[in-house]
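As structure tokens, the structure follows; a few thoughts come after it.
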Amino acid sequence: MDIKDIIKPENLVYDKSKLQIDTIMHYCPGCTHGVVHKILAEVIDEMGIQERTIGVSPVGCAVFAYNYIDIDWQQAAHGRAPAVATGIARTNPDKIVFTYQGDGDLASIGAAEILHACNRGENMVVIFINNAIYGMTGGQMAPTTLLGQRTSTSPGGRNVELNGHPLKITEMIAMLPGVHYVTRQSAHTASTVRKCKKAIRKAFENVMAKKGTSFIEVVSTCNSGWKMTPVGANTWMEENMFPVYVPGELKDNDKQVPSEKN
Amino acid sequence: MAKVRGAVVVEKEGCKGCSLCVEACPQGVLALNKEVNSRGYHYSYMKNPDDCIGCSNCGMVCPDTCITIYRVKI
């Protein structure tokens, strides 16, 4: 069979979501942001909530997220996306609000905002891209940087006496009673991308049912910041990030028996 | 002979040559081209088009969403 006979509209099995704008993304080759943007666009498209969804983009590489997905966006000050999303969600209860933040934004300068927004149980989705580095500004050490990891501000590796331990903010958030659903995913292979998409869809369904905050951490790579190839960065993430940031479900109030609910 | 045939179309100008699709392909169909696109990246292409089964793993992992996949049963 000739290739031309296979490439026909009736045989189409996978295509770019129509919510994704035809702009070439500014991200580096192999960046996990692109995969998560794609999953987000697919989920919003499949659920048919394009008109009702408002995203809050952070400061960081994903600051230009509004250029790539055709929904309403608001750009927030550094770390303040949960506070902005709180205002949007409270004044527009019929809208579906999500924030999209990196680890420098969420776990460092915005740690107070995210903890209190989650503790209040604001009705929103939080997508947390954890690549253990400040990617946009040149690969500096972040709160989530692993012990011994080399960055431009820790050239000898992160030292526990000088810099402290990596911050497991997702575990902290899972302890808060206001949060409904907390999970940690990755998006580096086809199977993990499918799992991550399922988790994001579940989070959006929780918000539609007004169940409270749903928090999704995506363990990601920053091959430019880590000074690796995209494929090498994925392998390094599996070997070094996963033992510290273990993928899996941390909290799901749907699965708990009523007496155990917070 | 395979019962399922697939085909992959890579949007040449959108590809950044990260080679994640090459790694994800279980059939070894994709490879990076020796030639470059207008932005200087070695874009991905179907090196062994006869082996493609249209599993869409490459499309799933592509960060730049530049892969379209077709599949047909024979």
*Run down the aspartates and glutamates and flag those whose C-alpha is under 19 Å from the C-alpha of A:Lys8, throwing out any fewer than 8 positions away in its chain.*
B:Glu11, B:Asp50, B:Asp51
*Given H placed on each backbone N at 1.01 Å, which residues far from A:Asp72 in sequence or on other chains put an amide H within less than 5 Å of it?*
A:Thr53, A:Gly55
*What is chain B's relative contact order, in percent, from Cα pairs under 8 angstrom and six or more apart in sequence?*
46 percent
*Give the shape of the range A:144-234 as rounded, prolate or oblate, defined through the alpha-carbon gyration tensor: a ≥ b ≥ c are the square roots of its eigenvalues, a/c under 1.5 means rounded, and otherwise the shape is prolate if a/b is larger than b/c and oblate if not.*
oblate
*Label the range A:17-173 by shape, choosing from rounded, prolate and oblate, from the square roots a ≥ b ≥ c of the eigenvalues of the Cα gyration tensor; if a/c is under 1.5 it is rounded, and otherwise prolate applies when a/b is larger than b/c, oblate when it is not.*
oblate
*For B:Ser38, what is the net charge nearby, where nearby means another residue's Cβ is under 14 Å from its Cβ and Lys, Arg count +1, Asp, Glu -1?*
0
*asked:* Quick check: pseudo-label points 7 Å beyond the Cα along Cα→Cβ at A:Thr23 and A:Thr235, how many nm apart are they?
replied: 3.5 nm
_Taking A:His180, B:His42 and counting other C-beta atoms within 10 Å, the order from fewest to most_ = B:His42, A:His180
*Taking a ≥ b ≥ c as the square roots of the eigenvalues of the Cα gyration tensor of the range B:4-73, is the shape rounded (a/c under 1.5), prolate (a/b larger than b/c) or oblate?*
prolate
*Net charge over other residues, Cβ less than 13 angstrom from the Cβ of A:Ile69 (K, R count +1; D, E count -1)*: -2
*Work out the length of the dipole vector of the range A:28-252 about its Cα centre, built from +1 on the beta-carbon of each Lys and Arg and -1 on the beta-carbon of each Asp and Glu, and round it to the nearest 20 debye.*
180 debye
*Can you give the alpha-carbon Rg of chain A over 2.2 N^0.38 Å, where N counts its residues?*
1.01
*In whole angstrom, note down how far apart the Cα centers of the range B:28-74 and the range A:115-147 are.*
33 Å
_Theoretical FRET efficiency, 1/(1+(r/R0)^6), r = Cβ-Cβ of A:Met208 and A:Lys255, R0 30 Å, to 0.05_ = 0.95
_Long-range HN-HN contacts of A:Met136 with modeled amide H, under 5 Å_ = A:Cys61
*Subset of A:Lys198/A:Lys251; A:Lys4/B:Lys3; A:Lys18/A:Lys255; A:Lys168/A:Lys195; A:Lys195/B:Lys12 violating a 23 Å alpha-carbon distance limit*: A:Lys18/A:Lys255; A:Lys195/B:Lys12
*Starting at the first residue of the range A:218-227, write each ³J(HN,Hα) from the Karplus equation 6.51 cos²θ - 1.76 cosθ + 1.60 with θ = phi - 60°, in whole Hz, x for Gly and Pro.*
10, 6, 10, 10, 9, 5, 5, x, 7, 6
_Net charge, B:Cys15 excluded, C-beta distance under 12 Å - Lys, Arg +1, Asp, Glu -1_ = -1
*Long-range amide H contacts for B:Tyr43: which residues qualify at under 5 Å (H placed 1.01 Å from N, peptide plane, sequence gap of 5 or more or a different chain)?*
B:Asn33, B:Asn37
*In which sequence would A:Leu19, A:Leu250 go, from the one with the fewest C-beta neighbours within 10 Å to the one with the most?*
A:Leu250, A:Leu19
_On a straight-distance basis, which lysines could pair with A:Lys197 in a cross-link, Cα separation under 16 angstrom, same-chain partners fewer than 8 positions away excluded?_
A:Lys16, A:Lys38
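Read-outs throughout are calculated quantities, based only on the coordinates presented, and are distinct from any laboratory measurement. As the structure is a computational prediction, the values presented were derived from the model and not from experiment. A quick note on method: Cβ atoms are made from the backbone with ideal geometry, for glycine too, and the neighbour counts reach across all protein chains shown.
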